[in-house]
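The values are calculated or read from the model by the stated rules, or taken from the named source; none is laboratory data. Please read these numbers as outputs of a predicted model, since none were measured by experiment. Here the Cβ positions follow ideal geometry from the backbone for every residue, glycine too, while neighbour counts run over all protein chains shown.
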Amino acid sequence: MALEGPLKDLHIQDVFQLLDLGRKSGVLRVTSELRQTAGTVCFDRGGVVAAAVGSDPQPLGERLVRVGKMTAADLDRARSMQTGGDERRLGDILVALGVVSRRELDRQLKAQIEEAVFELLRWSEGYFRFEEGAPFHAAVEAPVRFPTEALLMEAARRIDEWSRIGSRVSHLRLVPRLPLPEEQGSDPLDLVPFEWEVLAAVDGTRDLHSLAEMLGRSEFEVARTVYGLTTAGIVVLDDPAHPGREIEPGRDMAALLVPAREALTNGEYGLAAGALEEVLRADPLMPEARRLLGLCYAALGRFVEALDLWGSWNRLGDRSPGEEAESPAVARLQQSVETIVKELERYRD
C-alpha cells in the first residue's frame, strides 16, 4: 500500500499517527523543495526504528565520530566489514569491535532518531510517500524500536517548553559566554553533570547550534540547559546579529503570557486579547503573543486583524524552534480564516 500526498493536505503528525494506529511496517519518505532536502523514517509494526534527514543513509556513524565516541578509522573499518559481506547492522559491528558500548550506542541512536523526527514534524510543506513493506534493513543501525506515540508526545512537550525558554533563548545562533569577573557571583556552583559539560564547552565563540553538535546532544537539551545557566547568572548570552545589545536579565516575557493562556483555555477571548495586547506593547516583536492574539481576533470575528498578525508572525526572523513548530497550525488558521472572509464577501455581493 502506498500512502502519499502533500503535507498541506495531511499534516506530518497525522501521517505518523495513521502509521502507528495501523501498526504499519515500511518506509516513509518526505521531500521538501523549499528546504532542498528529504527525510526518511522506517517503521516496524507502527514503531520507529530509523530516521534521517539529509543524504547520509547512516548518520549514526558520522555522529559517533563527530562527538568523539570513535575515530573515522573505526567507522571505515566497520563499513569495510559490511562491504566485505558482514550482514550485521553497523551498530552491532561497532559494539562487537569494542569501539562503543551498547549503552552509548543506544543513547546516541535515540538522540539521532529524535532529532530527525522532530525536524520532520516541523515541516509544513513538502510531499510524503509511505511504501508499506519496503525493505529498510540497511537503514537500521541497531535493533532499537521507539514507540511513535512517545515520540509525538515528546515533540509536543518540547514545543511547550520552547515557549517557556524562548524568553531568553530566542534562537540557536546566540553565543553563551562567562560573565565578566565583576559580574560573577561568589556562591559555589551546584550543577548536574550535563550542566558542567555544557559549561565546560562554553568558550564565548560557539553558538548553541555548535555546542549541541560538539556535545552530541540535541539542540533542545543544550538550549534548555543554557536557559537554566543564564537564569542562574552563570553564563551570559550574546547575539552576534545585535552586538553590544544585552538580553535584559531576569525579564521573563513568556511569564506574561500565562494569564492570556488561561483566558484562552476558558474561552475568554476578549480578556485574552487584552492581556496579549499589553504584552505586545512591552515587546512588539514577541512571536507567540502575535500568534495567540491572531487566534483571539479570529474568535472575536476580527478576521482582517487576525490575518495581519499571522502575516507579521510569518515575517519575524528570530522565532524559537518551538514557535517554528507552530507554522503548520498558523497556515491552517490562515487558510480557514481566508475562506471565511471570502464566503462573507460572496454573501455581501
- [ ] Report the residue count in the range 260-313 for those that are surrounded by fewer than 16 Cβ atoms within 10 Å (Cβ to Cβ), under 23 Å from the mean Cα position of the chain (by Cα) and at pLDDT 85 or above.
- [x] 2
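Going by what's in this entry, would G5 be described as surrounded by fewer than 17 Cβ atoms within 10 Å (Cβ to Cβ), on the phi > 0 side of the Ramachandran plot and part of a loop (DSSP other than H, G, I, E, B)?
On the way: surrounded by fewer than 17 Cβ atoms within 10 Å (Cβ to Cβ): yes; on the phi > 0 side of the Ramachandran plot: yes; part of a loop (DSSP other than H, G, I, E, B): no.
It is false that G5 is surrounded by fewer than 17 Cβ atoms within 10 Å (Cβ to Cβ), on the phi > 0 side of the Ramachandran plot and part of a loop (DSSP other than H, G, I, E, B).
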- [ ] Mind listing whichever residues of the range 277-320 are of a type outside the set (S, T, N, Q), within 18 Å of I159 (Cβ to Cβ) and in a helix (DSSP H, G or I)?
- [x] P287, E288, A289, R290, R291, L292, G294, L295, W310, W313
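Among the candidates L211, L215, single out the residue that is free of Cβ contacts under 8 Å to residues at least 40 places away in the same chain and buried (at least 16 other Cβ atoms within 10 Å of the Cβ). Full working, then the answer.
On the way: L215 fails: free of Cβ contacts under 8 Å to residues at least 40 places away in the same chain.
Selected residue: L211, the only one of L211, L215 that is free of Cβ contacts under 8 Å to residues at least 40 places away in the same chain and buried (at least 16 other Cβ atoms within 10 Å of the Cβ).
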Open item on the list: If I go through the range 126-163 residue by residue, how many of them are out of contact with any helix residue (DSSP H, G or I) (no Cβ under 8 Å at 6 or more places or on another chain), modelled with pLDDT under 75 and farther than 15 Å from L19 by Cα?
Closed with: 6
TODO: Kindly list the number of the only condition in (1) modelled with pLDDT of 85 or more; (2) under 22 Å from the mean Cα position of the chain (by Cα) that fails for W196.
DONE: (2)
